[in-house]
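Notes follow once the structure below has been shown.
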Amino acid sequence: MTGVLSVESLTELPEPTDAERAVADTLPVGAAPDEAARVLDRVPMWFHTFALNPEHGLYTPGVARDHRYRVPFLPGSFAGQRVLDVGTFDGFYAFLAEHRGAARVVAVDNEQYVAWVKARWGVELEGGEGFRAIAELLGSRVEYVRGDALELVDTGDRFDVILCFGILHRIENPLGLLRLLGRLLAPGGRLLAETYGISDPGRGAEAIIEVHPPGGVYRGDDYVYWGFGAGGLGALATHAGFARVTIDTTPTIDGHPRILATLERRDD
């Protein structure tokens, strides 16, 4: 997850900004107006903003805002690669990888966001309805796995690229997840991680991991546990067995620090 709009009710959501529309437009869904309208009526809450039909101004009202900083971080082409998207939610990045030529895309989510959405907005989700709606409109072949990434380890599946966006700061055991994802990478593969940063960027080189109190980052959101400095994330990745960590950028988005890093697996 990324920055989330702070509103008490989904009826208060403003229209997507021009910046969000620009990000959404990188994945043209191409739905007919009547199809787009049916999807908007059917799905009670959207996390991601999708360009259903830009010509008619039809976009999903995603609560996650300002993804512009992620776009330069993504490969321009996934041609021939096997991609895993961890914590996919509505699946924007999984579908984008497919759109950019990935040979195979697996999207995994344990759907714990159902409890988060209910607690924050009082909206009842089944889980996966946004993903299914977009997959249908796109005629997508992305494979959706409802469960934890742990369940993929024994399948023998290995991936050239793993996307882990907005997840590490929301799980109780980030070291365990990184170890697991390292096992899912093919030799020479890489993990693209984006997570919450630390409040003092001047201390980024230190091995710091901040602990946040419930609701301390986003009002009404008790599921942000950690903030990672560059040194802290690098040390964690080293413990998890990654051969190399590159800190790509540490932007501040709407007052919130973020960190994006590429973690590379050993070739053996």
Test for E194: is it within 18 Å of the chain's Cα centre (by Cα) and not aliphatic (A, V, I, L, M) | yes
With the first residue restricted to segment 33-44 and required to be more than 11 Å from L137 (Cβ to Cβ), and the second required to be exposed (fewer than 15 other Cβ atoms within 10 Å of the Cβ), Cβ contacts under 7 Å at 6 or more apart or on different chains are P33/H56; P44/V123
Are any residues in segment 236-261 among the β-branched types (V, I, T) and surrounded by 16 or more Cβ atoms within 10 Å (Cβ to Cβ), and if so, which ones?
-> V245, I247, T250, I253, I259
Lone unmet requirement of (1) more than 17 Å from the chain's Cα centre (by Cα); (2) on the phi > 0 side of the Ramachandran plot for G91 | (1)
For F78, are the conditions met, namely being over 18 Å from I167 (Cβ atoms), at pLDDT 95 or above and not acidic (D, E)?
-> yes
Failed condition for R141, given (1) within 22 Å of A24 (Cβ to Cβ); (2) of a type in the set (K, R); (3) crowded, with 21+ Cβ neighbours inside 10 Å, with all others met?
-> (3)
Are any residues in segment 209-256 in contact (Cβ under 8 Å) with a residue 24 or more places away in the chain, more than 21 Å from the chain's Cα centre (by Cα) and in a helix (DSSP H, G or I), and if so, which ones?
-> G231, A235, H239
Hits in segment 60-92 (condition: in contact (Cβ under 8 Å) with a residue 60 or more places away in the chain, within 22 Å of V153 (Cα to Cα) and either surrounded by 24 or more Cβ atoms within 10 Å (Cβ to Cβ) or of a type in the set (A, V, I, L, M) (or both)) | V83, L84, D85, V86, F89
Exception for A186 within (1) surrounded by 20 or more Cβ atoms within 10 Å (Cβ to Cβ); (2) not in a loop (DSSP other than H, G, I, E, B) falls at (1)
For segment 136-158, how many residues meet the condition of being on the phi < 0 side of the Ramachandran plot, under 17 Å from the mean Cα position of the chain (by Cα) and of a type outside the set (D, E)?
-> 5
Considering only segment 200-216, state which residues are at pLDDT 90 or above and of a type in the set (A, V, I, L, M, F, W, C).
-> A207, I208, I209, V211
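The values are calculated or read from the model by the stated rules, or taken from the named source; none is laboratory data. As the structure is a prediction and not an experimental result, all values here were calculated from the model. Every residue, glycine among them, receives a Cβ derived from its backbone with ideal geometry; neighbour counts consider all protein chains shown.
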